[in-house]
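Comments concern the structure below.
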Amino acid sequence: MNLTQLIKAFCPPVLFQIFRQFRQRRTSSSFAGDYASWALAKQNSSGYDAANILSTIQNSALKVRRGEAIFERDSVCFYHVEYRYPALSGLLYAAQVSGGQLSVLDFGGSLASFYSQHAKILSAVKNLRWGVVEQPHFVDWGQEHLTTANLKFYHTPAEFLSEGAPNVIFLSSVLQYIEQPYQLLAELMKLEADFFLFDRTAFYDGDDRLTVQTVPAAIYPASYPAWFLSWSKFLQTMTSNGYEIVMEFPGTDLTEIGYYKGLLFKRIVQH
């Protein structure tokens with residue numbers, strides 16, 4: 001019997017809940033600062049392109065591929081089925097509205113961690129295409145080790161587009177790690193995808209706030225700049241460019257600065 005089972009057996013439910021929250025915080029990132037520029041935040045962090053991050057995620061992805069783990073997220077392996085139902089329902093809604101087609105541009109999707117986690121459910125979609133756009137070293141490794149009939153890796157959105165347009169642009173825990181997030185949104189909106197799906201995205205009730213995120217050493221020792229995006233500014237950016245909210249759901253990531261949420265936007269077609 002492991003520690004969690006012992007606590008379940010002998011502790012009142014309220015104490016078990018406290019234990020779960022404590023354990024989650026031990027494996028949660030911390031955020032600090034209010035930096036005036038990306039350059040300053042980067043000076044105070046190791047950066048997201050650190051070699052140890054890729055190698056750690058690679059090892060986890062290979063465990064999933066070999067069937068030794070069910071899925072990985074942020075390089076952490078999970079050994080039981082766990083779906084992100086709100087984001088998954090957004091994808092299935094998009095597929096239904098699009099007549100059974102789901103062509104997803106997964107921007108910043110690491111080594112296809114979300115796809116791998118939900119592949120069993122997504123395989124029921126009649127016409128499925130999943131393309132991850134990532135940093136070159138992620139893409140090169142993914143192309144060699146993880147490509148399948150439904151899953152491919154691309155260096156740029158243009159590369160994805162050369163094989164067909166997406167109907168969903170998916171950004172899961174991505175936008176806050178981009179130096180110029182609103183510029184990225186502007187570029188992605190040029191693709192005129194019918195849907196934008198955001199998951200695990202960090203927001204702030206105020207102006208955009210730039211912090212440095214420190215990842216627990218138990219995951220991988222790293223730190224990097226991270227935005228808490230102004231909720232009002234983000235929402236204005238999406239709606240002023242012809243997108244409306246279809247669904248909105250809270251995030252589960254812990255933070256003491258702002259809050260996380262997910263959203264599905266649909267493009268308003270003018271008649």
When you scan the range 57-106, how many residues do you find that are at pLDDT 65 or above, in a strand (DSSP E or B) and open to solvent by less than 50 Å² (accessible area, probe 1.4 Å)? 5
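Report the residue count in the range 155-165 for those that are outside any loop (DSSP other than H, G, I, E, B) and open to solvent by 60 Å² or more (accessible area, probe 1.4 Å).
The initial filter retains those residues of the range 155-165 that are outside any loop (DSSP other than H, G, I, E, B), namely 157-161.
Right, trim to open to solvent by 60 Å² or more (accessible area, probe 1.4 Å) and you get 158-159, 161.
Here the count works out to 3.
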Quick one: count up the residues across the range 33-53 that are among the polar types (S, T, N, Q), open to solvent by less than 80 Å² (accessible area, probe 1.4 Å) and modelled with pLDDT of 90 or more. 1
Residue by residue through the range 133-151, note down the ones that are within 21 Å of residue 94 (Cβ to Cβ) and either under 17 Å from the mean Cα position of the chain (by Cα) or among the acidic types (Asp, Glu) (or both). 133, 151
Before we move on, is residue 114 in contact with an Asp or Glu (Cβ under 9 Å, 6 or more places away or on another chain), open to solvent by 10 Å² or more (accessible area, probe 1.4 Å), under 26 Å from residue 92 (Cβ atoms) and among the aromatic types (Phe, Trp, Tyr)? yes
Pair list, Cβ < 6 Å and 6+ apart or interchain, from the range 102-127 residues that are under 15 Å from residue 197 (Cβ atoms) to residues that are assigned to a helix (DSSP H, G or I) and small (Gly, Ala, Ser): 102/95; 125/95
Residue satisfying all of: in the range 141-154; in contact with a strand residue (DSSP E or B) (Cβ under 8 Å, 6 or more places away or on another chain) and open to solvent by 70 Å² or more (accessible area, probe 1.4 Å); modelled with the highest pLDDT among these: 152
Which of the residues that make up the range 220-271 are open to solvent by 40 Å² or more (accessible area, probe 1.4 Å), polar (S, T, N, Q) and touching a residue at least 60 places away in the same chain (Cβ under 8 Å)? none
Can you tell me which residue is modelled with the lowest pLDDT among those in the range 196-219 that are open to solvent by less than 20 Å² (accessible area, probe 1.4 Å) and among the β-branched types (Val, Ile, Thr)? 215
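The values are calculated or read from the model by the stated rules, or taken from the named source; none is laboratory data. What you are looking at is a predicted structure, and each value in this text was computed from that prediction instead of being measured. Please note: Cβ atoms are built from the backbone with ideal geometry, for glycine as well, and neighbour counts cover all protein chains shown. The protein model used for the area step is the full one, side chains on, heavy atoms only, and it has no ligands, DNA or RNA in it. Shrake-Rupley method; radii C 1.70, N 1.55, O 1.52, S 1.80 Å.
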